[in-house]
Amino acid sequence: MDIVVRSDEIEQVLFDAEVIGRRVGELGRLINAAYVGKDLVVIGVLKGAFVFTADLVRRINIPIEVDFVELVSYVTETETSDEVFLTKDVKTNISGRDVLIIEDIVDTGLTTRFLIDHLNIREPASVEVCSLLYKPARQRVNVPLTYVGFKVGKVFVAGYGLDYAGKYRNLPDIVKLRGVD
Ligand code: IMP
């Protein structure tokens, strides 16, 4: 049987499934407290945030609606382009409602900035961002990040929904791959 990743492909496990699970629980508690009595729409950003979104919404215990957008910006396997394309929009009406964007990672910030501006056209009551990972050293545009799971350096990471060349999304841990920077 094929395996998700050979152990020699992994240079370092940065966050294992247990550590991620604990942090997702903490983020869920913060979100529960912040949105009591609000009309919350959670928007997961495909594809990278599909695992995080699935885990996080199950730690949110107030009534919410869940929707997804898909944004694409890659030019190479590890570098994003300045241009962001929306390939799937939200279907849920967000006008006058509180929106929480669920991101896998804020790298340059261009994707999240684009999405915030795109959603603001529909005049939601608020737009906040919850990103599992954040690379402050790579950030190029200002993005308000209300909730961050973990900060990482300039390293390219994979697993827990994040891909390298389309693979490794099903890895339960977040890892640095050997030879991929
Ligand atoms: P941006 O540079 O902040 O616009 O990031 C765009 C997208 O690139 C993110 O939503 C991720 O899907 C992807 N990305 C950025 N850094 C990494 C990484 O280290 N591993 C996997 N995907 C990444």
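The values are calculated or read from the model by the stated rules, or taken from the named source; none is laboratory data. Since the model is a prediction, treat every value here as computed from it, not as a measurement. Cβ atoms come from the backbone with ideal geometry, glycine included; neighbour counts cover every protein chain shown.
Remarks
- Taken over the stretch 76-99, the criterion of being within 16 Å of the ligand (Cβ to nearest atom) and either part of a strand (DSSP E or B) or aromatic (Phe, Trp, Tyr) (or both) is satisfied by Thr80, Ser81, Asp82, Glu83, Val84, Phe85, Leu86, Thr87, Lys88.
For every residue, the table says whether it meets (1) in contact (Cβ under 8 Å) with a residue 40 or more places away in the chain; (2) surrounded by 13 or more Cβ atoms within 10 Å (Cβ to Cβ); (3) among the hydrophobic types (A, V, I, L, M, F, W, C).
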| site | (1), (2), (3) |
| --- | --- |
| Val5 | yes, yes, yes |
| Ile20 | yes, yes, yes |
| Gly37 | no, no, no |
| Ile60 | no, yes, yes |
| Leu71 | yes, yes, yes |
| Ser81 | no, yes, no |
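- Pair list, Cβ < 8 Å and 6+ apart or interchain, from the stretch 158-176 residues that are on the phi < 0 side of the Ramachandran plot to residues that are polar (S, T, N, Q) and outside any loop (DSSP other than H, G, I, E, B): Val175/Gln12; Lys176/Gln12
Yes/no matrix, rows are residues, columns are (1) assigned to a loop (DSSP other than H, G, I, E, B); (2) at pLDDT below 95; (3) surrounded by 16 or more Cβ atoms within 10 Å (Cβ to Cβ):
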residue	(1), (2), (3)
Leu132	no, no, yes
Arg140	yes, yes, no
Pro144	yes, yes, no
Val148	no, no, yes
Ala158	no, no, yes
Arg169	yes, no, yes
Pro172	yes, no, no
Lys176	no, no, yes
Asp181	yes, yes, no
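- Cross-chain or 6+ apart pairs with Cβ under 9 Å, the stretch 104-118 first and in a loop (DSSP other than H, G, I, E, B), then modelled with pLDDT under 95 and acidic (Asp, Glu): Thr108/Asp82
The rows are residues; the columns are (1) among the hydrophobic types (A, V, I, L, M, F, W, C); (2) over 13 Å from the mean Cα position of the chain (by Cα).
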{"residue": "Ile102", "(1), (2)": "yes, no"}
{"residue": "Leu115", "(1), (2)": "yes, no"}
{"residue": "Leu119", "(1), (2)": "yes, yes"}
{"residue": "Ser126", "(1), (2)": "no, yes"}
{"residue": "Leu133", "(1), (2)": "yes, no"}
{"residue": "Pro136", "(1), (2)": "no, yes"}
{"residue": "Leu145", "(1), (2)": "yes, no"}
{"residue": "Gly149", "(1), (2)": "no, no"}
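- Selection count where residues are within 10 Å of the ligand (Cβ to nearest atom), within 17 Å of Gly48 (Cα to Cα) and basic (Lys, Arg), scope the stretch 132-154: 1
- Just one of the numbered conditions (1) touching a residue at least 60 places away in the same chain (Cβ under 8 Å); (2) in contact with an Asp or Glu (Cβ under 6 Å, 6 or more places away or on another chain); (3) among the β-branched types (Val, Ile, Thr) is not true of Thr92: (1).
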